[in-house]
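Shown next, in structure tokens, is the structure this report addresses.
The values are calculated or read from the model by the stated rules, or taken from the named source; none is laboratory data. Nothing here was measured: the structure is a model prediction, and the numbers come from that model. Cβ placement follows ideal geometry from the backbone for every residue including glycine, while neighbour counts extend to all protein chains displayed. With ligands, DNA and RNA removed, areas are computed over all heavy atoms of the protein, side chains included. Shrake-Rupley method; radii C 1.70, N 1.55, O 1.52, S 1.80 Å.
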Amino acid sequence: MRVYRDLCGYINLLGLSESLPLTTVITSRLSERGCETSNSSPRVYHIVPKALDKRTDGTGQLVAEELRKLPKRNHLGFFACTVNMDSFFSRLDELQTYFKSHNKTRDHQAHSAKVHSVGWSCDGRRLASGSFDKSVAIFYLDKDRLVGIGTKEFIFRGHGGSVDQLCWHASHPDLLSTASGDKSVRIWDARSQKCSATIVTKGENINITWSPDGETIAVGNKEDLVTFIDARTHKVKAEEQFSFEVNEISWNKKNNLFFLTNGQGCIHILSYPELKLLHVLKAHPGTCICIEFDPTGRYFATGSADALVSLWDVNELACLRTFSRLEWPVRTISFSHDGRLLASASEDLVIDIGEVETGEKVVDIPVEAATFTVAWHPTQYLLAYACDDKDSYDRKRDAGSLKVYGFPSE
């Protein structure tokens, strides 16, 4: 039987520590609305995922064998992380075979400086990139290639600072929002190829997310202030100042919880729109850098400075497994459209693509420099990404390019 190193980072059942030598993990159920069944104050769950020994497969095999011995128990208010070993073989071979014939990468010159963020529109027809050169570029997907490169009408200008992050509307394929260091948020309409709104904020913005219902844009700045903007009126409707380093922000798919990752390795979960603290998860021993929800709404994943990616059950707030193949802090992660694949990248010279249900490697993409951003296409196995590449003729200059992996091999 094949061995799976990263079966579960830290999992154990309440009261079973004497039979399974793993770190205890306890978590309570979330109600449909988000923990409203409890009147207690916010709780901190010390669920610290840790990579299993990378040097030997024996550790993973031991964990798998012990999990098979676990009795089924029902604990009121608690649940145990269990693993279906049959699903480990799922369709891993099928995925690996697919990328053997779909491993072509197309490189596109987009900017005059490094690309900080890439993202697909909800219908998958457009790919946007934001850059240190203060511009936004829009490309159109035409079968197995991108078009729009090098034409002025596909370059959006107006920001006075670096475009650090962008995000598309969840259901409107023409609307794009960008966060910049110029203390503003801009909303762009790809149909008119113009900026439809500019919202002035209080600080240099570094991250942005659009709510699943499309009504609100949240933007975080370097001073750890998160601003909530009404996407229809373009007015600021709420602000929340945090006393800790806020790295990345996101709503859950139901739009009733708001998540933040911080510099202490924690995930803060707030009710929305009340913005009341519900839970604090101690997710990593190092800085928690990025967070992403899978399209099915079942999972979310976090990337950390400890070089780990941890996968979590949304309803139970339980860590299911970790991905530990990278060696450097994980900067960016993305789920595929069907939730089967998870891409993660760092300063490692590969982008890791793992199977969500098993944690096993499907394929890795070799790169020549640190990767800043990755984004799966919303309906296809196409991965857009951007690295800290340098110009081929002048190594002091940024290449300003983005790449798309997954086209059919020639």
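Note on region 272-305: residues that are open to solvent by less than 10 Å² (accessible area, probe 1.4 Å) and either in contact with a helix residue (DSSP H, G or I) (Cβ under 9 Å, 6 or more places away or on another chain) or not aromatic (Phe, Trp, Tyr) (or both) amount to 12. For region 380-389, filtering for residues that are more than 17 Å from the chain's Cα centre (by Cα) and at pLDDT 95 or above leaves 1. Residues that are buried (at least 19 other Cβ atoms within 10 Å of the Cβ), assigned to a loop (DSSP other than H, G, I, E, B) and out of contact with any helix residue (DSSP H, G or I) (no Cβ under 8 Å at 6 or more places or on another chain) within region 350-376 comprise 356, 359, 367, listed in sequence order. Within region 308-349, the set of residues being open to solvent by 10 Å² or more (accessible area, probe 1.4 Å), over 13 Å from the mean Cα position of the chain (by Cα) and more than 26 Å from residue 93 (Cα to Cα) comprises 314, 315, 316, 328, 329, 347. Residues considered: 231, 179. Of these, the only one that is surrounded by 14 or more Cβ atoms within 10 Å (Cβ to Cβ) and more than 24 Å from residue 372 (Cα to Cα) is 231. Within region 283-301, can one find any residue that is of a type in the set (Ser, Thr, Tyr) and in a strand (DSSP E or B)? Scanning region 283-301 turns up at least one residue that is of a type in the set (Ser, Thr, Tyr) and in a strand (DSSP E or B).
The set of residues in region 125-153 that are more than 21 Å from residue 336 (Cα to Cα) and either of a type in the set (D, E, K, R) or open to solvent by 40 Å² or more (accessible area, probe 1.4 Å) (or both) comprises 132, 133, 134, 147, 149, 150, 151, 152, 153. Only one of the numbered conditions (1) open to solvent by 20 Å² or more (accessible area, probe 1.4 Å); (2) on the phi > 0 side of the Ramachandran plot is not met by residue 238, and that is (2). For region 89-124, taking the residues that are among the charged types (D, E, K, R), surrounded by fewer than 16 Cβ atoms within 10 Å (Cβ to Cβ) and assigned to a loop (DSSP other than H, G, I, E, B), the one that is modelled with the lowest pLDDT is identified as 91. Among the residues of region 156-167, are any in a strand (DSSP E or B), within 12 Å of residue 138 (Cβ to Cβ) and modelled with pLDDT under 95? Among the residues of region 156-167, at least one is in a strand (DSSP E or B), within 12 Å of residue 138 (Cβ to Cβ) and modelled with pLDDT under 95, which makes the answer yes.
For region 174-215, the set of residues classified as under 20 Å from the mean Cα position of the chain (by Cα) and either closer than 28 Å to residue 379 by Cβ or not in a strand (DSSP E or B) (or both) consists of 176, 177, 178, 179, 207, 208, 209, 210, 211, 212, 213, 214, listed by residue number.
Would you check which residues across region 382-410 are open to solvent by 30 Å² or more (accessible area, probe 1.4 Å) and assigned to a loop (DSSP other than H, G, I, E, B) and list them? Residues satisfying the conditions are 388, 391, 392, 393, 394, 395, 396, 397, 408, 409, 410.
Scan region 143-150 and give yes if some residue there is within 21 Å of residue 371 (Cα to Cα) and part of a loop (DSSP other than H, G, I, E, B), otherwise no. So far as region 143-150 goes, no, none of its residues is within 21 Å of residue 371 (Cα to Cα) and part of a loop (DSSP other than H, G, I, E, B).
Checked against the criterion of being free of Cβ contacts under 8 Å to residues at least 60 places away in the same chain and closer than 22 Å to residue 398 by Cα, the candidates 186, 191, 232, 157 yield just one match: 157.
Scan region 303-352 for residues that are touching a Ser or Thr at 6+ places or on another chain (Cβ under 8 Å), of a type in the set (A, V, I, L, M, F, W, C) and within 18 Å of residue 103 (Cα to Cα) and the total you get is 4.
Of the numbered conditions (1) in contact with a Lys or Arg (Cβ under 9 Å, 6 or more places away or on another chain); (2) touching a residue at least 60 places away in the same chain (Cβ under 8 Å), residue 282 fails exactly one; give the number of that condition. Condition not satisfied by residue 282: (1). Within region 169-182, the set of residues being within 26 Å of residue 223 (Cβ to Cβ), in contact with a Gly (Cβ under 6 Å, 6 or more places away or on another chain) and not β-branched (Val, Ile, Thr) comprises 180, 181, 182. Restricting 196, 192 to those that are under 27 Å from residue 255 (Cβ atoms), open to solvent by 10 Å² or more (accessible area, probe 1.4 Å) and polar (S, T, N, Q) reduces the list to 196.
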